[in-house]
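See below for the structure under consideration.
The values are calculated or read from the model by the stated rules, or taken from the named source; none is laboratory data. Quick caveat, the model's predicted, so the values are computed rather than measured. Glycine gets a Cβ as well: all are built from the backbone with ideal geometry, and neighbour counts include every protein chain shown. To get the accessible areas, we keep the full protein, side chains included, count just its heavy atoms, and leave off ligands, DNA and RNA. Shrake-Rupley method; radii C 1.70, N 1.55, O 1.52, S 1.80 Å.
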Amino acid sequence: MGRVVLVTGGAGYVGSHTVVELLKAGHTVVVVDNCVNAAKATEGNVLPPALERVQKIAGKTLHFHELSLLNRQALVNVFSKYKVDVVIHLAALKAVGESVEKPLAYYANNITGTLNLLEVMSEVGVKRLIFSSSATVYGVPQYLPADEKHPTGVGVTNPYGQTKYVCEQIMKDLSIADKEWRIVLLRYFNPVGSHESGLIGEDPNGIPNNLVPYISQVAIGRRPHVNVFGNDYNTPDGTGVRDYIHVVDLAIGHEVAIDKIFQSDFAGTKAYNLGTGKGISVLEMITAFSEACGKEISYKIVGRREGDVATVVASCALAEKELNWKATRGLHQMCEDTWRWQSMNPNGFS
Ligand code: UD1
């Protein structure tokens, strides 16, 4: 059944892919985004380029409002324009290193922004929410694969991670205080890949922090080599192992969470891991990407990055059981699709 879905941060990487899946499923989509991390609409256009392309892929139109969640009144105005059924809240600052340098900006944007959103939703009586959380809430995993019962908030090493943890807590407390709230926390592992059309993808500002966008920029010739952060971890090849998930699988996870939240027996706040359950090392990723792009990717082994851990892998059994969701796109497709996006758009959206 088609719902009216408000997506905060819908012009970003995960957002644009999620909006495609929502439109394809027949939902009406209202995107709000301040475009600090997404290319802005160019002269004469209403929509940011990512959303123009989303409409092209889906063959459907969407609504867009450029605003910051820190602007409470602007948010009130948007809610008064549409009869929103459910909110998918993705808008956040997300660069781990930057969050260490600018903690106040991260706490203000991610936590105050979320509080404004929750307050306005409470006022207008929209009490269904899907929240973009992260495996970062598990800190240094105490056991693997990490399932949803794993302790959270212990050993979270940076302000970005803290904001995700605090937002989760706020949402849990809210749904305890007011039984009308229904909240799904989606804990992403490492999103990579792009839509198969090559029209949308990740377009990081400046030097990429994350592995796959970095490899991809080396492949296109924007950077000379990948720095591999340590090969002395206790993993099969010594490099860090992560649970990479194709962004389209992740996007579909949001769409199925909508069905879940509308089930009559759904109550309170529920967390689900979205990953594949499979660990891939840095060197395996570099090899797979080399195969996908048909070029040798040069790399250098350098020292460990502060705050990194050897292995993070998800247990996704709960999402499979309760959301009937499972990631289906493998390593090869993650690399092929990333490469298609990168080679069709060497400079991203600009
Ligand atoms: C990081 C964040 C996490 C966030 C996630 C989003 C940290 C500590 N964690 O996860 O909070 O939710 O991104 O996707 O930053 N690597 C290299 N060379 C590089 C970049 C990365 O060797 O240039 C290695 C890392 O050491 C790690 C792996 O690649 O082993 C993945 O790194 P990255 O893509 O940054 O993701 P995470 O660190 O897992």
Name the single residue that is nearest to GLY348 (Cα to Cα) among those in segment 211-234 being open to solvent by 20 Å² or more (accessible area, probe 1.4 Å) and in contact with a Ser or Thr (Cβ under 6 Å, 6 or more places away or on another chain).
HIS225
Go through (1) open to solvent by less than 10 Å² (accessible area, probe 1.4 Å); (2) over 30 Å from LYS127 (Cβ atoms); (3) among the aliphatic types (A, V, I, L, M); (4) within 13 Å of the ligand (Cβ to nearest atom) for LEU283 and report which single condition fails.
(1)
Looking at the structure I just gave you, is ASN116 away from the ligand (no atom under 16 Å from the Cβ) and surrounded by fewer than 18 Cβ atoms within 10 Å (Cβ to Cβ)?
no
Taking interchain pairs and intrachain pairs at least six residues apart, which have beta carbon atoms under 7 angstrom, with the first residue in segment 257-280 and closer than 16 Å to SER315 by Cβ and among the hydrophobic types (A, V, I, L, M, F, W, C) and the second open to solvent by less than 10 Å² (accessible area, probe 1.4 Å) and assigned to a helix (DSSP H, G or I)?
LEU274/LEU250; LEU274/GLY253; LEU274/ALA319
How about segment 235-260: which of its residues are away from the ligand (no atom under 15 Å from the Cβ) and open to solvent by 20 Å² or more (accessible area, probe 1.4 Å)?
ILE252, GLU255, VAL256, ASP259, LYS260
Which of the strands (runs of 3 or more DSSP E) found entirely inside segment 1-68 contain at least 1 residues meeting this: free of Cβ contacts under 8 Å to residues at least 40 places away in the same chain and buried (at least 24 other Cβ atoms within 10 Å of the Cβ)?
28-33
Just one listed residue, out of GLY277, GLY294, is more than 10 Å from the ligand (Cβ to nearest atom), of a type outside the set (Ser, Thr, Tyr) and either within 12 Å of ALA135 (Cβ to Cβ) or open to solvent by less than 50 Å² (accessible area, probe 1.4 Å) (or both), and it is GLY277
